[in-house]
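The values are calculated or read from the model by the stated rules, or taken from the named source; none is laboratory data. Just so you know, these numbers come straight off a predicted model, no measurement behind them. Note that each Cβ is placed from the backbone with ideal geometry, even for glycine, and that neighbours are counted across all protein chains shown. Surface accessibility is based on the protein's heavy atoms, side chains included, excluding ligands, DNA and RNA. Shrake-Rupley method; radii C 1.70, N 1.55, O 1.52, S 1.80 Å.
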Amino acid sequence: MTSFTVDLNADFGEGFGAYAFGQDEALLPYVTSVNIACGWHAGDPQTMREAVARSIAAGVQIGAHPGLPDRLGFGRREMAITPQEAYDYTLYQVGALQAFVQAAGGQLAHVKPHGALYHMAAADARLAEAIAEAVYKVDGGLLLFGLAGSELIRAGERIGLRTVREAFADRSYEADGTLTPRGTEGAVLTDAA
């Protein structure tokens, strides 16, 4: 019999400069892992350092949350990028967060692409392979988070990464298993029931 566990995961450290975003402190008692913004869609060196310190103190698993270079759109706008760029973007951002985690005495546990990069890699096998390769090259022991049934999960498994298939409790889904686009009414669930 196979056993399963549920990891309650949340995005974290998504402020930058003088701007705070989200409810990081309030989330920590309820989650088992966090995805820390790596400075492109959100985050900056100080925010990353502080998010890592808070996560280690709370005893939660730390993941890198690399995104597209799109602060104005919070990394949620698709961009035309090549697989080489996807590889470079992922390697750069994961490496940056890994340095903060190691400097604080912690260990990076996983990588979860953010926003548009996540969705693009779910559908595009070449981008997914580039992202999986970058994660593997940083540390083949890292978990790769992706949408269940996605190209990203398949790419991670092919390269030898352990993968985590995600489901979103606060989002609606399309018939094909993809998340309903955020601009669509009902895409984000707000009724707790």
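For this structure, a couple of remarks:
- Some residue of the range 54-72 being in a loop (DSSP other than H, G, I, E, B), touching a strand residue (DSSP E or B) at 6+ places or on another chain (Cβ under 9 Å) and of a type in the set (Asp, Glu): no
- If you check ARG162, ARG171 for being touching a strand residue (DSSP E or B) at 6+ places or on another chain (Cβ under 7 Å), modelled with pLDDT under 95 and not β-branched (Val, Ile, Thr), only one passes: ARG171.
- Wholly within the range 78-193, helices (runs of 4 or more DSSP H) carrying at least 1 residues that are open to solvent by 30 Å² or more (accessible area, probe 1.4 Å) and hydroxyl-bearing (Ser, Thr, Tyr): 83-103, 125-138
- In the range 133-157, the residues that are over 15 Å from TYR92 (Cβ atoms) reach residues that are among the acidic types (Asp, Glu) and surrounded by 21 or more Cβ atoms within 10 Å (Cβ to Cβ) with C-beta atoms within less than 6 angstrom, at least six apart or across chains, in these pairs: ALA155/GLU129.
- Look at (1) in contact with a Leu (Cβ under 7 Å, 6 or more places away or on another chain); (2) part of a loop (DSSP other than H, G, I, E, B) and you find that ILE36 fails only one, number (2).
- Scanning the range 1-56 for residues that are open to solvent by 90 Å² or more (accessible area, probe 1.4 Å) and more than 23 Å from PHE168 (Cα to Cα) yields MET1, ALA18, TYR19, ALA20, GLN46, ARG49.
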